[in-house]
Amino acid sequence: MSDVSIKLTWDNNAIHTIENKTMKGLIRMGYDIASLARANAPYLTGALSNSIRVEEDADEIYVIAGGKMGGKDIRYAGIQEFGGYAGKNHNAYITGKHYMENAKDFILAGNYLQKYFGDITS
C-alpha cells in the first residue's frame, strides 16, 4: 500500500502581494480618516484642521493632528479631541469633540474590508 500526501507550500510571492495590497489599503484608509477628521474638527482659524495629516513609518500608518505646522504649534489638538482645560489661565474647560475618534469609527462602521482590502479579504 502506498502513502498518500498533500504538500502545502508557502508562496512568498503571494504573501508579498497580500502585504503590499494591505499596506496600500491602510494608507487609503488613513487618508479617508484624515479627510473626515478635518471635516469634523472644530473650526476657529483652520489651523487644527490643516494640521491633520497622514504619516507613514516603516510598516505603520499614523493619522496625526497638531504639532508644529507652518511656524505654529497646534498644542490644542488633544484638548479639542479629548477635552481639557484651555486658555492662558486654564480657566475654561472644553468638552472633547472626538473629531479623530469619530472619523475612525465612521470608517470602520462601513464596509471597510471590501473598500480598502478588496480581493484579499475574499
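The values are calculated or read from the model by the stated rules, or taken from the named source; none is laboratory data. Owing to the predicted nature of the structure, the values given are computational and were not obtained by experimental measurement. Neighbour counts run over all protein chains shown; Cβ positions are idealised from the backbone, glycine included.
In segment 74-85, the residues that are under 19 Å from Arg53 (Cβ atoms) and among the β-branched types (Val, Ile, Thr) form Cβ pairs under 7 Å with partners that are modelled with pLDDT under 85 and not in a helix (DSSP H, G or I), at six or more places apart or across chains, as follows: Ile79/Ala86; Ile79/Ile94.
Here's the yes/no breakdown for (1) in contact (Cβ under 8 Å) with a residue 12 or more places away in the chain; (2) surrounded by fewer than 14 Cβ atoms within 10 Å (Cβ to Cβ); (3) within 18 Å of Tyr112 (Cβ to Cβ); (4) not aromatic (Phe, Trp, Tyr):
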| position | (1), (2), (3), (4) |
| --- | --- |
| Val4 | no, yes, no, yes |
| Thr9 | no, yes, no, yes |
| Ile15 | no, yes, no, yes |
| Ala37 | yes, no, yes, yes |
| Asn50 | yes, no, no, yes |
| Glu55 | no, yes, no, yes |
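The number of residues in segment 75-122 being touching a strand residue (DSSP E or B) at 6+ places or on another chain (Cβ under 7 Å) and under 30 Å from Glu19 (Cβ atoms) comes to 1.
Do you know which of the residues in segment 86-114 that are touching a residue at least 24 places away in the same chain (Cβ under 8 Å) and of a type outside the set (S, T, N, Q) is farthest from Ala47 (Cα to Cα)? Looking at the filtered set, the residue picked out is Tyr112.
Take the conditions (1) touching a helix residue (DSSP H, G or I) at 6+ places or on another chain (Cβ under 8 Å); (2) exposed (fewer than 15 other Cβ atoms within 10 Å of the Cβ); (3) over 30 Å from Asn13 (Cα atoms); Phe82 misses just one of them, which is (1).
For Ile15, are the conditions met, namely being assigned to a helix (DSSP H, G or I), among the β-branched types (Val, Ile, Thr) and in contact with a strand residue (DSSP E or B) (Cβ under 8 Å, 6 or more places away or on another chain)? Considered against the rule, which asks whether it is assigned to a helix (DSSP H, G or I), among the β-branched types (Val, Ile, Thr) and in contact with a strand residue (DSSP E or B) (Cβ under 8 Å, 6 or more places away or on another chain), Ile15 comes out as no.
Results for (1) surrounded by 11 or more Cβ atoms within 10 Å (Cβ to Cβ); (2) touching an Asp or Glu at 6+ places or on another chain (Cβ under 9 Å), shown as yes or no for each residue.
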{"residue": "Gly67", "(1), (2)": "yes, yes"}
{"residue": "Ile74", "(1), (2)": "yes, no"}
{"residue": "Ala77", "(1), (2)": "yes, no"}
{"residue": "Tyr99", "(1), (2)": "yes, yes"}
{"residue": "Asn102", "(1), (2)": "yes, no"}
{"residue": "Ile107", "(1), (2)": "yes, yes"}
{"residue": "Asn111", "(1), (2)": "no, no"}
{"residue": "Asp119", "(1), (2)": "no, no"}
